[in-house]
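The values are calculated or read from the model by the stated rules, or taken from the named source; none is laboratory data. It should be emphasised that the depicted structure is a prediction, and the values quoted were computed from it without experimental measurement. Every residue, glycine among them, receives a Cβ derived from its backbone with ideal geometry; neighbour counts consider all protein chains shown. What goes into the accessible areas is simple: the full protein's heavy atoms, side chains included, and nothing from ligands, DNA or RNA. Shrake-Rupley method; radii C 1.70, N 1.55, O 1.52, S 1.80 Å.
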Amino acid sequence: MATSSAGRRRPGPGRSLGSALDGLRAYWGTAALAAATGALALIAALPVARLAAPAGTLTRLRVPGPLPFDAGFLWINAAQGPAELRQAAVALLFKLLLGVACALVAVALLTLVALCVARASARGPEIAIRRAVGASSRALLLTLLVEGLAVAAAALLAGGALGFAAERLLAGAWPGTLAPAAGHLAACAAAVVTGTILLGALLPVAVARRPARSNTVDPTPLALVVPAVQLGLSLTVLGAAAMLRVGAGRVAPAATAAGAGDQVYRVDAASLPVPARAAGYAGLLKALAADHAVALAGLSSAGALVGLGHVGMAAGESAFYAVQHVLSADSFQLLRLHVVAGRALTAADDWGAPRVVVVNRSLALHVAPLGSTIALGYGADRDHTVVGVVDDATPPGLGGTLEPRYVVYASILQHPAAGADLLVRGTGRGPPAVPAAVRAALGPDAAASGPASEASLLAAEAAPLRWFARAFGGEGWAMLAVASLGTFSVMWLWVTSLLGELGLRRASGARRRQIMRWVLARAAAVAAWGTAFGVWVGLMVWDAVHALAGSLPAWDPGGVAWSALLLGGAALAGTFVPAWRAAHTPPVALVSAGSL
């Protein structure tokens with residue numbers, strides 16, 4: 001009895017640790033792949049999770065908006081200004097980025113599940129033998145748990161360190177400001193990856209408890225839907241990154257269209273009463289027109305230079321929302337607004353003149369044609385006559401496509417905003433005396449900050465797009481790595497699981513060339529289905545990305561094709577090597593391997 005009791009003594013922690021080390025050495029391949037997959041998932045997910053806001057605002061990313069200048073109107077309801085439009089676009093882009101990070105974690109989990117199933121299937125006979133010779137379930141579970149903890153620790157250490165480093169790089173590169181951080185999403189991502197690895201490590205016990213099955217080989221033991229989904233999601237993300245990269249590159253060059261000498265000043269005249277401000281703006285424009293160093297000068301409300309304005313309610317035959325800009329006469333030429341009917345605003349449309357507006361083509365066609373009257377804001381001077389129509393323009397500013405399609409241009413001399421952007425085009429005869437002209441026309445309390453080039457303004461609009469392009473690109477490359485690793489591993493394991501069937505095909509007369517062609521055709525089908533799935537999902541995602549900035553292309557076929565070739569290559573590479581080995585292995589050995 002004493003001997004029996006000693007034989008059944010539970011193994012100590014040292015023995016469990018030794019058994020776990022033996023298991024890790026014996027099955028180091030799947031353990032290393034699982035750790036690498038978990039680390040890659042954390043490297044990509046942690047930076048995005050750390051940039052999520054604690055609650056309510058979705059993201060910590062804040063875009064610096066223009067100075068708090070009004071648009072010259074009294075609003076019945078609070079209007080949405082350029083800063084709010086920019087922030088709304090950033091929130092939507094971050095929502096897509098967060099969705100990409102979640103999709104990447106999902107792809108990593110699919111890969112981990114496939115690896116754990118393969119590992120459990122390989123270890124099933126070993127676990128069954130160890131139980132047959134007296135190992136208790138508790139001892140086996142403890143050994144497998146130690147193995148899982150080792151793999152999870154490797155993934156957490158590598159993924160956590162590199163993920164937090166990537167978050168610091170992303171946060172430091174953001175062109176705006178950041179709200180306080182919250183760690184709940186990062187902790188959830190780490191917990192999900194760790195939990196999946198640990199549950200997968202315990203899977204061999206469940207496999208060993210299954211009743212023995214016949215030796216009939218299942219032709220599709222590993223579902224090929226996993227690599228197809230991995231390929232499709234990766235293709236979607238890489239396509240979005242290519243769109244943002246191309247779109248950001250289109251914004252800045254547009255600034256040079258008006259001339260390399262254009263300079264922008266920010267004029268602050270909030271201390272003046274409204275009538276005196278209108279007279280001061282008129283005097284400033286006259287003084288600059290007389291300056292031999294100035295070719296053209298135009299005043300406009302904040303955001304108008306990049307197509308962003310204040311969105312408020314207007315009324316014609318019916319009420320509608322419109323983007324409302326106030327600007328001076330020369331601004332139409334400076335902003336490349338082409339009049340297609342009627343006239344543009346002139347210097348005669350000043351404080352004492354009847355209120356007039358110019359509208360874009362969409363508003364003229366659907367609501368307010370030439371000669372009609374529309375009401376803006378409220379007060380005695382709310383009715384305005386439409387005197388001109390200009391072409392519709394795609395605003396290059398971030399968030400411009402979130403604006404309504406109706407646009408109204410009013411005279412800044414009739415609606416003098418508290419502050420304005422002054423765009424000056426020089427003649428090359430010397431620097432224009434803008435600060436002195438501002439003080440002379442608007443008084444000593446007025447100020448003109450700057451100058452900045454128009455190109456720098458549009459570069460500032462492109463900066464968030466470039467940041468998101470880099471972020472989406474980083475997520476895309478991480479997903480490409482995870483998907484390639486997972487696709488390669490799953491396809492390799494798929495071919496390995498078909499060794500018995502391949503042996504039967506060889507024994508029945510199939511040639512090596514036929515075996516290779518059959519396996520590679522299945523791999524090509526996986527790549528094709530994955531590409532089709534990625535394009536199908538991508539068209540929805542890419543359309544959402546395209547709607548956030550007018551500079552973005554509808555999608556980038558070249559980038560999608562390049563990504564599809566990389567991902568398809570991973571699928572083919574994962575099948576070629578084991579298929580080649582199977583084609584050059586004797587059929588008897590293949591049938592024996594598939595019957596184990």
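Brief remarks follow.
- Test: residue in segment 118-126 that is surrounded by fewer than 18 Cβ atoms within 10 Å (Cβ to Cβ) and over 23 Å from Gly38 (Cβ atoms): yes
- Flag for Pro180 being closer than 23 Å to Trp467 by Cβ, at pLDDT 75 or above, in a loop (DSSP other than H, G, I, E, B) and touching a helix residue (DSSP H, G or I) at 6+ places or on another chain (Cβ under 8 Å): no
- Residue in segment 269-276 that is at pLDDT below 70 and open to solvent by 10 Å² or more (accessible area, probe 1.4 Å) present: no
- Leading residue by the ranking (farthest from Ala35 (Cα to Cα)) among those in segment 127-141 that are surrounded by fewer than 19 Cβ atoms within 10 Å (Cβ to Cβ) and not small (Gly, Ala, Ser): Val133
- Once segment 445-499 is narrowed to residues that are charged (D, E, K, R) and either open to solvent by less than 20 Å² (accessible area, probe 1.4 Å) or free of Cβ contacts under 8 Å to residues at least 24 places away in the same chain (or both), the residue that is nearest to Val526 (Cα to Cα) is Glu475.
- Hits in segment 500-517 (condition: open to solvent by 40 Å² or more (accessible area, probe 1.4 Å), of a type outside the set (D, E, K, R) and either within 28 Å of Arg119 (Cα to Cα) or part of a helix (DSSP H, G or I) (or both)): Leu504, Ala507, Gln514
- Filtered residues of segment 409-433 (kept if hydrophobic (A, V, I, L, M, F, W, C), out of contact with any helix residue (DSSP H, G or I) (no Cβ under 7 Å at 6 or more places or on another chain) and under 20 Å from Gln80 (Cα atoms)): Ala410, Ala417, Ala418, Ala420
- Flag for Ala295 being closer than 26 Å to Asp268 by Cβ, open to solvent by 20 Å² or more (accessible area, probe 1.4 Å) and part of a loop (DSSP other than H, G, I, E, B): no
- Of all residue pairs spaced 6 or more apart or on separate chains, those with beta-carbon atoms under 8 Å, a first member in segment 374-393 that is in a loop (DSSP other than H, G, I, E, B) and a second member that is polar (S, T, N, Q) are Asp381/Gln414; Asp391/Asn360; Asp392/Asn360; Asp392/Ser362; Ala393/Asn360.
- Residue in segment 365-372 that is closer than 21 Å to Trp351 by Cα and assigned to a strand (DSSP E or B) present: no
- Just one of the listed residues (Gly538, Gly550, Gly530) is more than 30 Å from Arg513 (Cβ to Cβ), at pLDDT 75 or above and touching a helix residue (DSSP H, G or I) at 6+ places or on another chain (Cβ under 8 Å), and it is Gly538.
- Flag if Ala260 is open to solvent by 60 Å² or more (accessible area, probe 1.4 Å) and modelled with pLDDT under 85: yes
- Close pairs (8 angstrom Cβ cut-off, 6 or more residues apart or separate chains): under 16 Å from Pro404 (Cβ atoms) in segment 300-320, hydroxyl-bearing (Ser, Thr, Tyr) and open to solvent by less than 10 Å² (accessible area, probe 1.4 Å) anywhere: Ala304/Ser331; Gly309/Ser301; His310/Ser301
- Being part of a strand (DSSP E or B) and polar (S, T, N, Q) is a property that Gln333 lacks.
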